[in-house]
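The structure appears right after this line, and notes come after that.
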Amino acid sequence: MVDSLVIIPTYNEKENIAKIIRKVFSLPIPFDILIVDDGSPDGTAAIVKTIQQEYPGRLFIEERIGKLGLGTAYIHGFRWALQRHYGYIYEMDADFSHNPEDLIRLRQACLEGADMAIGSRYIKGVNVVNWPMSRVLMSYFASAYVRLITRIPIQDATAGFVCFSRSVLEKIPLDNIKFIGYAFQIEMKFTAIQYGFKLVEVPIIFTDRTEGVSKMSTRIFREAFFGVIQLKIESWFKKYK
């Protein structure tokens, strides 16, 4: 029985989706895949359904109506996974900015005792390919800002390449996770630490997408900037049991 599920949220990823699915299924360790598609008008879901015939019982898709946001897509996927047998649940982008081969390293970190393994761009210098310097600096200093405000010891707080052990997602009250953009990634790490889970950063090389369109926006950035302050203040009044 496969113990690992990779959740891949999609919105207009027709150029990448078939390639990323086949790459994950080619790995020497078996991973199941759940695609959470937000009504992609480019036909992403149709491509996934066609490929499902090649991988019965291994490739799944959940379709949602409208573009509802990254955070809600992952929460949807987490709930789906927890209704099934998976011991390790992963977040991964569809656009090859995350190397699927690193799934094995994240899994190994959890097998060796981490409750949550983070594919980190900044644990060993700055490992980002094809980003303009302005975006590298913005991302790097965003993580520094998160550490300053929240005091969590994570070098890459906005990282979206993550392996959760099942116990983390069973413990965190998913109904209370409020952010939907990159602040979602910060909130999940911050909350896991508050509950006493062990987070480990695994160095990766992040490569910007070569096909498709980035989903970054000023609204997402603004949510992360102010959301960090909100997270910290609210934590003073919460009890993490």
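A few comments on the model shown:
- Residue satisfying all of: in region 115-127; modelled with pLDDT of 95 or more and not acidic (Asp, Glu); surrounded by the fewest Cβ atoms within 10 Å (Cβ to Cβ) among these: Met116
- Checked against the criterion of being open to solvent by 30 Å² or more (accessible area, probe 1.4 Å) and either touching a Phe, Trp or Tyr at 6+ places or on another chain (Cβ under 9 Å) or part of a loop (DSSP other than H, G, I, E, B) (or both), the candidates Ile152, Ile180, Ile186 yield just one match: Ile180.
- Residue pairs meeting the criteria (Cβ under 8 Å; at least 6 apart or on separate chains; first part of a helix (DSSP H, G or I), in region 156-177; second surrounded by fewer than 17 Cβ atoms within 10 Å (Cβ to Cβ)): Arg166/Leu82; Val168/Tyr195; Leu169/Leu82; Glu170/Leu82; Lys171/Tyr195; Leu174/Arg79
- Some residue of region 95-114 being at pLDDT 95 or above, touching a Leu at 6+ places or on another chain (Cβ under 9 Å), part of a helix (DSSP H, G or I) and crowded, with 19+ Cβ neighbours inside 10 Å: yes
- So Lys49, is it modelled with pLDDT under 95, basic (Lys, Arg) and open to solvent by 50 Å² or more (accessible area, probe 1.4 Å): no
- Any hit, region 17-39, residues being of a type in the set (Val, Ile, Thr), surrounded by fewer than 23 Cβ atoms within 10 Å (Cβ to Cβ) and over 20 Å from Cys163 (Cα atoms): no
- Residue within region 47-59 that is aromatic (Phe, Trp, Tyr) and closer than 20 Å to Phe206 by Cα present: no
- Region 1-23: number of residues that are of a type outside the set (D, E, K, R) and over 21 Å from Arg79 (Cβ atoms): 6
The values are calculated or read from the model by the stated rules, or taken from the named source; none is laboratory data. Source: prediction; values computed, not measured. Ideal geometry is used to build each Cβ from the backbone, glycine not excepted, and the neighbour counts take in all protein chains shown. Remember, those area values only see protein heavy atoms, side chains included, never the ligands or the DNA or RNA. Shrake-Rupley method; radii C 1.70, N 1.55, O 1.52, S 1.80 Å.
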